[in-house]
Amino acid sequence: MTELRFHEHTLHLMPEGAAWDAAQRVLFVTDLHLGKAAVFREAGLTLPDGADAAILQRLSVLAGRLGACTLAVLGDVFHARSPGTERTVAALNTWRQTHAGLRWIIVPGNHDRRVPWAQWLPDAEILSEGELCGPWQLAHHPPEQSDAVMLCGHLHPGIAFGPPRQRKARLPCFWLRRGVLILPAFGGFTGLRLIEREPGDRVWVTVQDRVAEVPHTRRA
Amino acid sequence: MDQSTLLPSMSDKVPAALRRWFSTRGWKPLAFQREAWTAYAAGKSGLIHAPTGLGKTLAAWVGPVLAHGDEEGLRVLWVTPLRALAADTVRSLQDGLDGLGVRRKVEARTGDTSSSVRARQKTKPPFALVTTPESLSLMLTNAERTAQLSCLRAVVVDEWHELLGSKRGVQTELCLARLCALNPALRIWGLSATIGNLDDARRILLGSRAPDGLMIHGKDTKRIEMETLMPENVESFPWSGHLGTKLIRAVVDRIEPARTTLLFTNTRSQTEIWFQELLEARPQWADVLAMHHSSIDRAEREFTEQRLRDGTVKCVVCTSSLDLGVDFSPVEQVIQVGSPKGIARLLQRAGRSGHRPGEVSRVFCLPTNALELIEFSAAREAMAARRIESRRPVVKPLDLLAQHLVTVALGGGFRADEMLAEVRTTNAFAALTDDEWRWTLTFITTGGALHAYPQYRKVTVDEEGIHRLTDKVMARHHRFSIGTIVADAAVSLRLKNGRRLGSVEEWFIAGIRPGRCFIFGGRTWELVRVHGLVATVQVPDKKKARGEIPSWQGSKSPLSSELAAAVGEKLQRFRDGARDASPEMQKVAPILSTQAKWSLVPRPDELLIERTSTRDGQHCYLYPFAGRLVNGALGTLIAYRLGKGQPLTLRVTPNDYGVELFSRELPLLDERGWGILLSPDNLLEDILASVNAAELGRHHFREIARVAGLILSGAPGSPPTLKSLQTSSGLLWDVFARYDPGNLLLAQSQREVLERQMDYNRLSETLHALQQRRVVLINTPRLTPLAFPLWADRISHSVGKEDPADVLARMLEELETAAAR
């Protein structure tokens, strides 16, 4: 766990790929892409189920261990609005019943902006891009820069490691760029996009169950 | 079916037309042609084997024309492996129809055929369609088309040896099984160049028609003249890349007087290097020098091919992308740079020149290191004796079976039991187990283990038990993803105006900073930016420093078993002191003498293991002569087995002859110890453990996922909904591995990657063969001529403080001084 200080506020980067505000007891995650495999199956692509259940299981463990009161999702809770997702919605609501004390805040993303939230996830609070949650500004799409600290998703950021001119290992990462903290995708079937790092950017990855900062030694 | 049309009476009128046509051309029917025509008329199927340019096409074509020329409808399907060949084939087949006075048409049906032409072909079918395996599959996805194909009289598969041994061959097998099931009287014919296992080729092509199918041989009278460009000084110590472009003068002198030359290299990078060198040596050739390799944009390549036909190009520097191909009749000579790696390949490349019957094919070979002289000499003898490589057929690719089943489900549907019987008539799936069949069928219907695939649907079973695919969107996706050719993840190179130049591998471009230059397609480009899989480049402003030459992975093929065996015989002859008159062997003799003096020139029944020390550490050199992939896998296997006893850091460097094991401290082993290390017992287990097969399988999964229909290829104009269905194959692999680890496609991926990356079958054969060979252990005082190239390869690939070139030069000097003593 790595502590990040922004003025008097503290944020913890969790090895599970989430951010934790201990003062407010808010857990931030992004890009769950629930129901992705189901959308594929609907289209005739033979993909097995199981990723959704694994995401919810990881959320249970993390929220339980930390004693989170609020779960804030920075967009793309669902992969798509399609008939195949309804089963996923039911599963998610069953899960929410067993975690009845957990308040949900959602900033809808590009994948789930057409989702009928009131119908699918009754009593989840829906924020629009840039609204505040305590000291933190939340958005799905990361802006170029931000004066107040902003937490975002959408990019599925990742970096590549390995010897030059060879196949590299790719790891999801946290990416802090000009006041914007972009969280890695929390979903298990999401993939990642390599970031173009600039001087001054800070990057963290999960290595052996702890979050470590990647020094900016390699050329961008 | 009207049986009378199947056995036409050879009325006097028709052979007369044939005789007339042949005599106007000044041709005489060859014995094998007549044999093929008679067999066709008798309703038989068969494989015609003859070298290129000997009238193979006519042998297969005249029969069907004589028999069905006066019938209506589509009668013949001509399958060709290259769609670039289709246009030329249409021309030459049409020529035959015209010559025989049949007023019908031959048309192409490939990925290039427009939809209006395709529609017209449906309503007004030509006599014959020239197509590719992919387009044939695509036709089978259409019920109306399938009905039309069921009235075919004959299918001819051209260049079958090219398809055999690949998944495209299996795709052809499956399509032919389909057509045979639709039409029990269908005749199957094939054309093949010489390969080592012709009878397998015949049996596999003909499938259910094999038992009474014929093998027809054309007399191989092709004369091939092969000459090696002899380096003036053969350095005693051969090292890859050491000779080669030093001989540029001699090459220029060869190219100068000839009208057209094809200069074949073994890798795309070598092509770029040679192109540059030639241009530097003869700047005035800028307009008549061209380059052809598979990473260059298709339009560019086709332009070069057209210039070859027109004879407006003097020399094309190329790779195997021009092995096959159009009748380049103006090609006067062929130059082969470096080892041809195989006898069939050299024969085929040589055959690109002097293409017409009766002409002599000329090939000049250029060694890039001294040991290649042995290979050239060995290849000449093997070529003269026509000792050609076999093609190992692909067995049980379930990804392709799944694709084919969806194809048939679209093109009219199938019953499970009938389809199983049909599929089992192919060689590829003859041994398909009931479990594998059920798994594949489930994969396309309900997905798999029931709980893991809720809401999945694709192929459905109707009340009559017929499997069909009715969903229009899925049908469209399937049609777009038919085929088995999957390109590597490549970065497309474009100019700012969007013009495409070709593609390079992702890791190459990742190593170049924007603003830096590199060489591609014979020109220097400056990298502007890379965005996703598109790299934008521009012409550099001023003369910048020499660019880097891109190198592409997986473009080196290993020395074939047949050529390796021929090399082994050459060495044996040297060892036995037998005379060898070939100029190459005389040239290389001093090197072999040094090898004999310091160590041993191994015989085929021996396994030579040299051990030596340098100040860097200890080296072991094994010479199984089994090709680069197998030698490398052997090294990895030995390292793994040694490491089980004690922790050990060991570097493995293979080439086609042997493998170097290098470590600070290597354990001393006797013959018995080596025997244990080289045992074929537990081979698969140890190999899987030694190479992290899961990771390899994950990389390879892209191809399987595409073929099995798990990845939608970006079809032009695809709807935006497709975006939510895009994913990477690595991610798919992870999802399967985690939530459905029993998925048979995962196992297939591992199997295929072992076969491709380490030639697994050959590895296993090699280990068994090594059991019969006598291990000869020799401690050598220094690196021997056989060892030096391996040592040099490792040094030149490792990054150290010292320039590798300096280290090499110093070692070379020391060794040459020692050899001269």
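Only the coordinates and a few stated rules stand behind these numbers; no lab work does. Source: prediction; values computed, not measured. Here Cβ is always computed from backbone atoms with ideal geometry, including for glycine, and neighbour counts include all displayed protein chains.
Counting only other chains, and only Cβ atoms inside 10 Å, what mean value do you get across the residues of A:18-29? Provide the component values of the computation, followed by the final result.
Values: counts 0, 0, 0, 0, 0, 0, 0, 0, 0, 0, 0, 0.
That average works out to 0.
Write down, largest first, the equivalent ellipsoid semi-axes of region B:298-433 in whole Å, where each equals the square root of 5 times an eigenvalue of the alpha-carbon gyration tensor.
On the way: eigenvalues 323, 97, 37 Å².
Taking √(5λ) for each eigenvalue gives 40, 22, 14 Å, largest first.
For the pair B:Glu665/B:Arg392, report the inter-label distance in nm, with labels modelled 7 Å from Cα in the Cβ direction.
For B:Glu665 paired with B:Arg392, the spin-label model returns 3.9 nm.
In deg cm²/dmol and to the nearest 500, what is the mean residue ellipticity at 222 nm of the protein assembly as shown if only DSSP H runs of at least 4 residues count, each as -39500 (n - 2.57), divided by the residue total?
Working: 35 runs with 395 residues, N = 1041.
The per-residue figure over the protein assembly as shown is -11500 deg cm²/dmol.
Determine the relative contact order of region B:223-384: mean sequence separation of Cα pairs under 8 Å and six or more apart, normalised by residue count, in whole percent. Present the calculation step by step, with values, prior to reporting the outcome.
On the way: 291 pairs, mean separation 55.2, N = 162.
Over region B:223-384, the number comes to 34 percent.
Where Lys and Arg each count +1 and Asp and Glu each count -1, what net charge lies around B:Ala42 among other residues with Cβ under 15 Å from its Cβ? Write down the numbers at each step before the final one.
Working: positive: B:Arg34, B:Lys44, B:Arg153, B:Arg187, B:Arg209; negative: B:Glu35, B:Asp212.
Residues close to B:Ala42 contribute a combined charge of +3.
Taking other Cβ within 10 Å of each residue's Cβ, how do B:His699, B:His161 sort, fewest first?
Values: B:His699 17, B:His161 25.
Ordered from fewest to most neighbouring Cβ atoms within 10 Å, B:His699, B:His161 come out as B:His699, B:His161.
Taking every alpha carbon pair in region B:266-324, what does the distance histogram look like in 5 angstrom bins from 0, in percent?
For region B:266-324, the binned pair fractions read 4, 20, 30, 26, 17, 3 percent.
Sorted by mean Cβ packing within 10 Å, highest first, what order do the peptides B:88-100, A:29-41, B:213-225 take?
Values: B:88-100: 18.1, A:29-41: 27.4, B:213-225: 16.1.
My ranking of the peptides, most packed first, is A:29-41, B:88-100, B:213-225.
Can you give the direction-averaged projected area of the convex hull of the alpha-carbon atoms in region A:6-214, in nm²? Present the calculation step by step, with values, prior to reporting the outcome.
Details: hull surface 49.8 nm².
Mean projected area for region A:6-214: 12.4 nm², to one decimal.
Please state, as a whole number in µm²/s, the translational diffusion coefficient that the Stokes-Einstein equation yields for region B:223-384 at 20 °C and 1.002 mPa s, with Rh defined as the Kirkwood radius across alpha carbon pairs. Walk me through the numbers before you get to the answer.
On the way: Rh = 15.7 Å.
The diffusion coefficient I find is 136 µm²/s.
Lys and Arg at +1, Asp and Glu at -1: add these up for the other residues within a Cβ distance under 12 Å of B:Ser613 and post the number. Numbers along the way, then the final one.
Working: positive: B:Arg611, B:Arg615, B:Arg664, B:Arg782; negative: B:Glu610, B:Asp616, B:Glu665.
Value of the local net charge: +1.
Measuring from a point 7 Å past the Cα of B:Gln455 along Cα-to-C-beta, which residues in region A:71-100 have an amide N at less than 17 Å?
A:76-95
When N is the residue count of region B:3-217, what does its C-alpha Rg come to as a fraction of 2.2 N^0.38 Å?
This ratio for region B:3-217 stands at 0.94.
Under the classification rounded if a/c is under 1.5, otherwise prolate if a/b is larger than b/c and oblate if not, where does the protein assembly as shown fall, given a ≥ b ≥ c as square roots of the Cα gyration tensor eigenvalues?
Cα axes put the protein assembly as shown in the oblate bin.
Give me the inter-chain shielding for A:47-59: mean count of other chain Cβ atoms within 10 Å, whole number please. Could the numbers behind the result be given before it?
On the way: counts 12, 17, 11, 7, 5, 0, 1, 2, 0, 0, 0, 0, 0.
Across A:47-59, the average partner-chain Cβ count within 10 Å equals 4.
Mean separation of Cα pairs under 8 Å and 6+ residues apart, divided by the residue count of chain B: what relative contact order is that in percent? Please list the in-between numbers first.
Working: 1424 pairs, mean separation 94.6, N = 821.
Value for chain B: 12 percent.
Other chains' Cβ within 10 Å of A:185-192 residues: what's the mean?
Numbers: counts 0, 0, 0, 5, 7, 2, 7, 2.
Shielding by partners across A:185-192 averages 3.
Of the candidates A:Trp20, A:Trp136, A:Trp204, which one comes out as most mobile in a Gaussian network treatment of chain A with C-alpha springs shorter than 10 Å?
Residue with maximal mean-square fluctuation among A:Trp20, A:Trp136, A:Trp204: A:Trp136.
Checking the cross-link filter: which aspartates and glutamates have an alpha carbon closer than 18 Å to that of B:Lys472, excluding same-chain neighbours under 8 positions apart?
Hits, sequence-local ones excluded: A:Glu42, B:Glu144, B:Asp462.
Mind jotting down the three principal axis lengths of chain B based on Cα atoms? Whole angstrom, largest first.
Extents along the principal axes, in whole Å: 84, 71, 62.
A 25 angstrom limit on the alpha carbon distance is what I want to check against. Which of B:Lys396/B:Lys458; A:Lys36/B:Lys458; B:Lys314/B:Lys587; B:Lys167/B:Lys570; B:Lys105/B:Lys222; B:Lys246/B:Lys341 exceed it? Write down the numbers at each step before the final one.
On the way: B:Lys396/B:Lys458 22 Å; A:Lys36/B:Lys458 17 Å; B:Lys314/B:Lys587 31 Å; B:Lys167/B:Lys570 35 Å; B:Lys105/B:Lys222 32 Å; B:Lys246/B:Lys341 21 Å.
The answer is B:Lys314/B:Lys587; B:Lys167/B:Lys570; B:Lys105/B:Lys222.
Looking at chain B, what % of its DSSP beta bridges pair antiparallel, to the nearest 5? Each step should come with its number before you reach the end.
On the way: 34 of 91 bridges.
Taking every DSSP beta bridge with both residues in chain B, the antiparallel ones total about 35 percent.
Taking K and R as +1 and D and E as -1, what net charge do the other residues with C-beta under 14 Å from the C-beta of A:Ser60 add up to?
On the way: positive: A:Arg58, A:Arg65, A:Arg96; negative: A:Glu16, A:Asp52.
Taking every other residue near A:Ser60 into account, the sum is +1.
Over region A:1-74, what lengths in whole Å, largest first, do the semi-axes of the equivalent ellipsoid take, defined as the square roots of 5 times the eigenvalues of the alpha-carbon gyration tensor?
Numbers: eigenvalues 189, 28, 18 Å².
Calculated on Cα positions only, the semi-axes equal 31, 12, 9 Å.
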